[in-house]
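Peer 1: My questions all concern the structure below.
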Amino acid sequence: MAYFKAKENEARALLLNCPISQKFLAELGMYIKGKPYSKVVAYLDDVIEMKRYVPLPRFNDDVGHRAGMEGKVKSGRYPVKAAKFFKKALTLAKSNAEHKGLDSEDLAVVGIVANPGVRRPTIQPGGRRRLRYTKSVHLEVLVRQRHKLKPKKEEKKEDKKVDTKIEEKVEAKKESAPIKTEEKQDKVADKATSKTGKDLTPTSKTRFALAPISSKIHTKIPARKG
């Protein structure tokens, strides 16, 4: 089974195990392929209401002629069930295209795949022993935007001002430096008071100029005997 890979300007939808005829899907897909999305939806609505028929140029054994002219082929039928599933797949493909940012009014049906699905066994009526297998179809639809996509405009990013941020950081460091030195001096004074029991915190006048320690040392000389 071959399926599509949607490009940037395309969108796809997939329906699995649809209980419809593969022959009708193939004929219907050949007729609507390459047409605009709006015309295809209008045509499917007419097929559901049995106003227009689906031409059958290939699988037309014992198929009568219909009134009107669809694709230069007079023989055709009204596959209402197949038209409903086709319309459902197209609505899903349209919503996927809108999700990708495509113009939903500028879409065209460019690809259709109808592959055989699962065959389910069923019992025949009347108590017959022989099994009967029901057929199903995997339906995939691909839509594409007909005109080219417009390139997205890139927004210009403002240049970051690095110099101003660096200057602000340097100024903040300078302001925080003297505060840290004062905090260290206060901690040293607190430790000294805890040991001696006296308040040794320097005043505002003598905070940065402490009194010098005296260099004179008094010692007692013992007297000589005799």
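Derivation of every value follows stated rules applied to the coordinates shown; laboratory data play no part. Source: prediction; values computed, not measured. In this analysis, Cβ positions are derived from the backbone assuming ideal geometry, glycine residues included, and neighbour counts consider all displayed protein chains.
Peer 1: How many of the residues making up segment 38-93 are part of a strand (DSSP E or B) and more than 24 Å from L142 (Cβ to Cβ)?
Peer 2: Of the residues in segment 38-93, 10 are part of a strand (DSSP E or B) and more than 24 Å from L142 (Cβ to Cβ).
Peer 1: Another question, then. Can you tell me how many residues within segment 11-26 are more than 13 Å from L90 (Cα to Cα) and touching a helix residue (DSSP H, G or I) at 6+ places or on another chain (Cβ under 9 Å)?
Peer 2: 6
Peer 1: Out of segment 111-120, which residues are surrounded by fewer than 16 Cβ atoms within 10 Å (Cβ to Cβ) and of a type outside the set (S, T, N, Q)?
Peer 2: P116, V118, R119, R120
Peer 1: Evaluate segment 6-20: report whether one residue or more is among the acidic types (D, E), closer than 30 Å to R132 by Cα, surrounded by 14 or more Cβ atoms within 10 Å (Cβ to Cβ) and in contact with a Leu (Cβ under 7 Å, 6 or more places away or on another chain).
Peer 2: No: segment 6-20 contains no residue that is among the acidic types (D, E), closer than 30 Å to R132 by Cα, surrounded by 14 or more Cβ atoms within 10 Å (Cβ to Cβ) and in contact with a Leu (Cβ under 7 Å, 6 or more places away or on another chain).
Peer 1: Does L92 fit the bill of being out of contact with any helix residue (DSSP H, G or I) (no Cβ under 8 Å at 6 or more places or on another chain) and closer than 29 Å to R120 by Cβ?
Peer 2: Answer is yes for this residue.
Let's see how each residue does on (1) over 17 Å from K35 (Cα atoms); (2) aliphatic (A, V, I, L, M):
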{"residue": "S75", "(1), (2)": "yes, no"}
{"residue": "A83", "(1), (2)": "no, yes"}
{"residue": "L92", "(1), (2)": "yes, yes"}
{"residue": "E105", "(1), (2)": "no, no"}
{"residue": "Q124", "(1), (2)": "yes, no"}
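Peer 1: Among the numbered conditions (1) closer than 22 Å to V137 by Cβ; (2) surrounded by 20 or more Cβ atoms within 10 Å (Cβ to Cβ), tell me where A97 comes up short.
Peer 2: (1)
Peer 1: Check G76, G64 and return the single one that is free of Cβ contacts under 8 Å to residues at least 24 places away in the same chain and crowded, with 19+ Cβ neighbours inside 10 Å.
Peer 2: Step by step, each of G76, G64 is checked, and only G76 is free of Cβ contacts under 8 Å to residues at least 24 places away in the same chain and crowded, with 19+ Cβ neighbours inside 10 Å.
Peer 1: Please verify whether Y53 is surrounded by 15 or more Cβ atoms within 10 Å (Cβ to Cβ), of a type outside the set (A, V, I, L, M) and closer than 12 Å to R77 by Cα, treating the condition exactly as stated.
Peer 2: Yes, satisfied.
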